[in-house]
Every structure is written in structure tokens, then in C-alpha cells.
Amino acid sequence: MSLFKHSDFLKFWSADSISFFGSQFSALAIPWVAVTALGADPSQMGILGALSLLAFPLFGLFVGVWVDRNLRKRTMIVSNMGRALLLATIPAAAILGGLNMSLLYIVSFLVGTFQAFFDIAHQAYVPSLVERTHLVEANSKLETSRSTAQLAGPSIAGVLVQIFSAPYVILGDVLGYFGSATFLSTIRKKEATPEATGKTVFEDIREGLVVVLRNRSLSSIAGCTATSNLFSNAYGVLLLLFFYNELHMTAFESGIVFTAGGIGSVVGALTSSRISRVLGVGWAIVSGALIFGVASLAFYFAAQPFAIPLMAIAQFIIGVTVVLYNVNQVSYRQALVPLEIQGRMNASMRFIVWGTIPVGAILGGVLGQWLGVRPAIGVAAIGSMLAFLWVIVSPVRKIREIPGR
């Protein structure tokens, strides 16, 4: 049966689409507020970027245990409601005259904490909602909606920032999270109530880590993704500073560059299944990691008057190959691991691969202060190129298709 006829998946897909589209608003608006309204420097941008994902290395393993011990749909609904209420404090502060970096730091950290619960529950929920044979299709559809949001979201956000001012654009994200929670609440399929195992929290954490670290394919995927996240976030926290201060780009022009990445992501989502059938799942993962690392060098070489088209092409290529990589490696992980340990496996993966993100954000801020923004972007891009080495020398390249039971 096609997932277009799967009513509960369609509700889940709608919830995911609404949430991700709204998140494009705050993804541009919050750092834009920091740069243009509060005059943030590279180190402050690094701290802001780090705080948004600090919850994964701090709490991620414990969140995985929570997800495996509790209903995953309920966890996602509460996470969305929490993020909506927290983000609403930024436009409220702007109206009341209390907007400052401390508020952005606090909101970013707390929103990131709720995101940890949502993301780990989200990936663990998909294999219980659809059949194993539909995992690649399901992840491709979810990536298509996310990619479409990345396509339209940044440019719309850029226009809205120009018209309404960045703090108020965040309200779009608030509405998105409320809408997402509403759709999730309408899913009819009941989850199996997790059974008590009698194990301690730390025994459960160990079990999740062992699943990842003792499997060479999973551990090499974790190493590749962690390395890529480290360096891509090192240059990522500097991009808006680079656009605004060195290339003198507007919010709308910045949105154009990010929109090109969204177009690439849509193409990647629509073609990833076909590419993996031709190349095999393993080589789809390897080639994705190699190409998106190489494409990031374009940011270092960008200069006016050709900066925007050069970076847009690079973002398009990155969009295609990141989705190709993610659809295949996530589907492989979901098919390989039993349902009852999905939360802990995903938490262990996120602990490793997202744990490097705040480190990368701080690294980018330090390099930006020390070397200057453009050289720091170049150093980080070279680091990103090396991520594919983890999977090219591992059993991953030999994976032909998603495993069955």
C-alpha cells in the first residue's frame, strides 16, 4: 500500500511539514536579531549556535531512555508546545523593550532541549508507524516536506524580516509548532505501552551505546556525521556575519542563498530512492558525504559580484547530497535496530553526531575571532571535506539495500 493511502502517516507528515516550515522563520530571524539589532560578534554568534544544540551532549542519552520508556507521540506533542511558548517570549520582549543576548541564549538553550526530546522521539516513532518495507519511502517523503520548507522558508522569512522586523517573524514558528501538535494529536494508531525492563537508567544508556559502537557500520556513520557536523557548524555560525559584514548582503539576499539549498534538498528527496537503487545504499551514503564536503569550499572563495550565484550553486549541491546521505543512513539504522531500542539507538547516535555541533559552533566563533571570518570559513570547510573518510574505509560502502528482519 502506498503511504499516500496511509492516513496516520499523512497526519504525521503534515505535522512534520508544518513544524519544519515554521522553524525556517526562527532559524533566520534569531541570528539576524543577534547580528543586526544586538550587534553580536563572532564569539557571541558561536555561543548562540552552541546553546541551541547543547542539550544533545548534555541530556541526549537520558532522553533516549525517556523515549523508550514513554509514549513517543505524547513526547513530540509536549515538545512542540514547549517550543512554541518559549519562542513567543522573543517578540514579547521586543514589544516590551527587553530584547537582549541573554534572552536569546536562554530561549535557544531551552528550545534546543525540547528539540532533543522531539527529534529522538520522531526517529524512533517512524518505524512503529509504517512497515519496514516503507521506511525509505517514508523518510524520503519526510525529507521532501522538510526540503520544500527549506526551499520556500528562508526566502519568505527574508522578505518578512525586511517588512516586519526579525523578532516578530518568529511568530510564524510559534504558529507552526502549535499546528504540528494539533496534527500529531489526531493520529489514531495506538502505540504499544513500553514494558518495564527493571533496568536502571544507566544500564539502558549502556545498551543504546553498545548497539552503535559495536556495529562497524553504525559507528562509522556516527563518525562521519559527527565530523561533518563539527566543521559545517563551525562555518555555519559565521555565514550571516560573512554575508552581512563582508559581502554586504541583505536579509532577502541571504534568504536566496539558503533557498537554493532548499531546492537542492527537494531534488535530493525526490531522487534519493532512485539513486540508492542504482548505486546501492552504501555508495549513496559515501558519495553524499564526499560531495557535500567538497561543495562547502565555495563559501571561502565567494566574492562580489559573483558571491550570491556561487554560494547558491554550492548550497544546491549541499542540499541534494545531504538529503541523499541522510535518507539512506537513517533508513538503514531504523531497519537494523529493534523497535524497543530505537529511542536509545537514536539518542546514542544524536549524542555522538549532534554533540559535536555546539563544539563546532564555539570553534567557529574562536576561529572567526582569531583568524577572521573568511579564513575561519576556509579552515572549517577543509575539515568538512574529510568527513567521508569514515565511511569510505568501512563496511558501509558494501551495503546494497535496506536490511529486512
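The numbers here are math on the coordinates, done by the rules we state, and not lab data. As the structure is a computational prediction, the values presented were derived from the model and not from experiment. Please note: Cβ atoms are built from the backbone with ideal geometry, for glycine as well, and neighbour counts cover all protein chains shown.
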- Query: How far is the Cα center of the range 210-275 from the Cα center of the range 97-116, in Å?
  - Reply: 22
- Note on the structure: In Å, the Kirkwood estimate of hydrodynamic radius for the range 114-273 over Cα pairs equals 19.3
- Distance in nm between pseudo-label sites at HIS248 and LYS199 (7 Å out along the Cβ direction from Cα): 6.0
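Using per-residue counts of other Cβ atoms within 10 Å, averaged over each peptide, order 391-402, 49-60 from highest down. Show your work: numbers first, answer last.
On the way: 391-402: 17.4, 49-60: 23.2.
Descending mean neighbour count gives 49-60, 391-402.
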- Item | Those trypsin sites (Lys or Arg not before Pro) in the range 199-258 that DSSP places in a loop and that have at most 15 other beta carbons within 10 Å | LYS199, ARG214
- Take the chain, drop everything but the C-alpha atoms, weight them equally and run the Debye formula without solvent; then report log10 I(q)/I(0) at 0.06, 0.07, 0.11, 0.14 Å⁻¹ to two decimals. -0.21, -0.29, -0.77, -1.32
- Note on the structure: Rounded to the nearest 10, the angle in degrees between the Cα long axis of helix 342-353 and the longest principal axis of the Cα atoms of the chain comes to 30
- Starting from the Cα of LYS398, draw a straight line to each of the lysines and keep only those under 28 Å, dropping any in the same chain fewer than 8 residues away. LYS141
- Message: Between 0 and 90 degrees, rounded to the nearest ten: what's the tilt of helix 356-371 against the longest Cα principal axis of the chain?
- Response: 20
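Would you mind getting me the FRET efficiency between GLU191 and TRP370? Use the beta-carbon distance for r and R0 = 60 Å, nearest 0.05. Each step should come with its number before you reach the end.
Numbers: r = 49 Å, r/R0 = 0.82.
For GLU191 and TRP370, the calculated efficiency is 0.75.
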- Item | Cα gyration tensor category, rounded, prolate or oblate, for the range 163-241 with a/c compared to 1.5 | oblate
- Query: Say we join alpha carbon atoms closer than 10 Å with springs in a Gaussian network model of the chain; which of GLN115, GLN162, GLN334 then has the biggest fluctuation?
  - Reply: GLN162
